[in-house]
Each structure stands twice: as structure tokens, then as C-alpha cells.
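Participant: First the structure, then my questions, so here it is.
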Amino acid sequence: MSIQFEVKRTTKVSKQTAFTGLLDLDSAKRWMQGFVRIERLDEGPVHAGNQWMETRKMFGKEATEHFEVVELKEPEKIVLRCDGTKGTTGKGEFVFTYIVASVDDQTVITLNGEIKGLTGLTKIFGKMMAGTFKKACAKDLDGLISYLENEPAK
């Protein structure tokens, strides 16, 4: 059984700018809530197979999770996988699929989240966890969009 959620946001930045912003790990400190650090596990431009450890402060404590880029289809699709067994969570698999689309003169970013592999109490409380993840993802997208819309053009 998996738990799914969706977050959708609209921005005035271009589809390419939104796509690039989602993958710009160096700028995450400027918009990601609770950001502590990102440690790349490889080098070069972000591509399928890249991995990193992302640390945030949550509920007063640092939490580190392992992320991997599963799929990239520039400039419209990004699939990230968080392996909970390799991080603070200790269990579960979290898949985040970002779809970036142009609608009229705006860009729509849709995040489809899926939580799999929960057991025991986490499985019972999974629905509530989905709400928490959805809110956190919504805040992240809001932060990214605010950053991209207010960042001077490069």
C-alpha cells in the first residue's frame, strides 16, 4: 500500500527556469525551509543517477535523507527518490515526481508524492504523515517560486 498526495503551484517564471530551479542544489539554501546542508555524492551537472544527502532542521532536530535522481526529461519531468532506509527516517521510500508545464503565459509545477514501504505504527499513521509531507512540499514549492520570481536575471 502506498500513500499519495499532490501539490500544484503556478508561477510566472518560464518552464525552463522552474525546471532548472528545482535541480539547482546550490541555491536550495536560499529557499528551502529548515535547510542545513546538501552533500553531493557525485560531481558535475545533475543527471539521472545523481545522489545527495540533504539535511534539514525539523522539529528542532537535524534530519538527513538520501536522495537520488531517478528520471529527468528536460524541461518537463523530474523524478526523485528518497530511500528512507539510508537516512534519519530509517524506513520507507519516498518518490517525488515533478511535472513542469506551460499553461497560457504561466508555468504550472505539479508535485506527485508517493510514500511506500511503511510498517508498524508508521503505516497506521501514514495518512497523517501524508498531510505533513504535503504541507512541507507545498512550503518548499512556495519558497522556490518566491526565490525564482524575485531573483535577478542572470
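The values are calculated or read from the model by the stated rules, or taken from the named source; none is laboratory data. Quick caveat, the model's predicted, so the values are computed rather than measured. Cβ: placed from backbone, ideal geometry, glycine included. Neighbour counts: every protein chain shown. These area figures cover heavy atoms from the full protein model, side chains too; ligands, DNA and RNA do not enter into them. Shrake-Rupley method; radii C 1.70, N 1.55, O 1.52, S 1.80 Å.
Participant: I'm checking my understanding of the structure. Among residues of region 90-104 that are in contact with a Ser or Thr (Cβ under 9 Å, 6 or more places away or on another chain) and over 16 Å from Leu118 (Cα atoms), which one is least open to solvent (accessible area, probe 1.4 Å)?
Facilitator: Among those residues, the one meeting the criterion is Val100.
Participant: Another question, then. Can you list residue pairs whose Cβ atoms sit under 7 Å apart, with the first residue in region 27-41 being in contact (Cβ under 8 Å) with a residue 60 or more places away in the chain and the second being surrounded by 13 or more Cβ atoms within 10 Å (Cβ to Cβ) and of a type in the set (Gly, Ala, Ser)? Count only pairs 6 or more apart in sequence or on different chains.
Facilitator: If the second residue must be surrounded by 13 or more Cβ atoms within 10 Å (Cβ to Cβ) and of a type in the set (Gly, Ala, Ser), the pairs left are Trp31/Gly143; Trp31/Ser146; Met32/Gly143; Gln33/Gly143.
Participant: Among the numbered criteria (1) acidic (Asp, Glu); (2) under 22 Å from Gly90 (Cα atoms); (3) under 15 Å from the mean Cα position of the chain (by Cα), which single criterion is violated by Asp26?
Facilitator: Result: Asp26 fails condition (2) only.
Participant: Inside region 81-100, can you point out the residues that are within 20 Å of Gly21 (Cα to Cα), in contact with a helix residue (DSSP H, G or I) (Cβ under 9 Å, 6 or more places away or on another chain) and not β-branched (Val, Ile, Thr)?
Facilitator: Hits for region 81-100 are Phe96, Tyr98.
Participant: Please specify each residue of region 40-70 satisfying the condition of being more than 23 Å from Thr88 (Cβ to Cβ) and surrounded by 12 or more Cβ atoms within 10 Å (Cβ to Cβ).
Facilitator: Within region 40-70, just Ala48 meets the criteria.
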